[in-house]
1. Specify the residue that is modelled with the highest pLDDT; the eligible residues are those in region 36-59 that are assigned to a loop (DSSP other than H, G, I, E, B) and surrounded by 13 or more Cβ atoms within 10 Å (Cβ to Cβ).
2. Counting just the residues of region 30-57 that are of a type outside the set (A, V, I, L, M) and under 9 Å from the mean Cα position of the chain (by Cα), which one comes out nearest to Glu14 (Cα to Cα)?
3. Name the residues in region 34-51 that are charged (D, E, K, R) and on the phi > 0 side of the Ramachandran plot, would you?
4. Considering only residues of region 14-35 that are among the hydrophobic types (A, V, I, L, M, F, W, C) and in a loop (DSSP other than H, G, I, E, B), which is farthest from Leu60 (Cα to Cα)?
5. Quick test of your reading of the structure: Asn3 fulfils all but one of (1) open to solvent by 50 Å² or more (accessible area, probe 1.4 Å); (2) at pLDDT 80 or above; (3) in a loop (DSSP other than H, G, I, E, B). Name the failing condition by number.
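The values are calculated or read from the model by the stated rules, or taken from the named source; none is laboratory data. Please read all numbers here as calculations on a predicted model, not as lab measurements. Cβ sites come from the backbone with ideal geometry, for glycine too, and all protein chains shown count toward neighbours. Note: areas computed on protein heavy atoms with side chains; ligands, DNA, RNA excluded. Shrake-Rupley method; radii C 1.70, N 1.55, O 1.52, S 1.80 Å.
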Amino acid sequence: MNNQPNHKNRSLQETPCSICGSQNFVWGRTVAQSPSEWVYFRADGAGWGEGEKLQARKCLDCRNVQLFTDD
């Protein structure tokens, strides 16, 4: 039996923090040296240009930071 929550039916805004369960977040993005540079996720074996921009949210209660790809 799979006891994992089904997050596919929830928006990221509705998914609670995986550490403390809070839904009190601030959304942002990851940046490199320059504020205009995005940070990307690229799967092993993927070619150049196949990455996905990462967005971030920080839990305002426990300060955990989670990364998400754009939909």
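1. Ranking the candidates gives Gly51 first.
2. Among them, the one singled out is Arg57.
3. Passing the criteria: none in range.
4. Looking at the filtered set, the residue picked out is Ala32.
5. It is condition (2) that Asn3 fails.
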